[in-house]
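These notes are about the structure you will find just below.
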Amino acid sequence: MRILDEKAELELEHDVLESKMESKEEKKKRFVCVVCPMGCAIDTKYADKDGEVKIKEVSGAECSRGKVYAELEVTKPVRTLTTTMRVIGGKKKLVPVKTSKPVPKNKIFACMEEINRSRVQAPVYVGQVLIKNIQNSGADVIATYEVEAWN
Ligand code: SF4
């Protein structure tokens, strides 16, 4: 009987320790959903173990699109990058550009640096691909405005 009590005690201690570890790994983030003008406040709980993120709970979203948005913000945040690129021989010195699709948030600075280092020869046309597959993100950098050549 005594052995059984000790075993039960040990199991209980193990469970308490495990739940303490879990709660240490559990993180929380709150987002304002930007998918529609309602702007719901969405709360997420997730576990981040060595960079492996697992969603545990999403609450506050009024619809499933918001839930998907919050899950992606936690697990794989992405952004569409809009900026300008220098133009050589054009009537304007800069051309507005954007990525053809959202890029991982952790590649944004590297993408910005590459765009800042780059130059494009005028003329530049709307939709022209200026950098293909920037930083291996799968997105191209495209011109969103026209710049005529200076001649
Ligand atoms: S959760 Fe749904 S209703 Fe709320 S802001 Fe996002 S998209 Fe709109």
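What the table below lists for this structure:
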item	result
Rounded FRET efficiency, nearest 0.05, which uses the C-beta distance separating Lys76 from Lys98 and R0 of 25 Å	0.80
Built amide H within the under 5 Å cut-off of Gly90, gap 5+	Ala122, Trp150
Residues of type lysines that Lys49 reaches as a straight line, Cα spacing below 19 Å, ignoring anything fewer than 8 places off in the same chain	Lys20, Lys24, Lys27, Lys28, Lys29, Lys76
In segment 79-143, lysine pairs with alpha-carbon atoms under 16 angstrom apart (chain gap of 8 or more, or interchain)	4
Rounded to whole Hz, the Karplus (6.51, -1.76, 1.60) HN-Hα couplings of segment 71-79, x for glycine and proline	4, 5, 4, 7, 8, 9, x, 10, 9
Translational diffusion coefficient (Stokes-Einstein; Kirkwood radius from C-alpha pairs) of segment 25-76 at 4 °C, 1.567 mPa s, in µm²/s	118
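Here, each number is a calculation from the coordinates, and none is a lab measurement. This one's a predicted model, so the numbers in the text were calculated from it and none came from an experiment. Don't worry about glycine lacking a Cβ; one is built from the backbone with ideal geometry, like all the others, and counts go over all protein chains shown.
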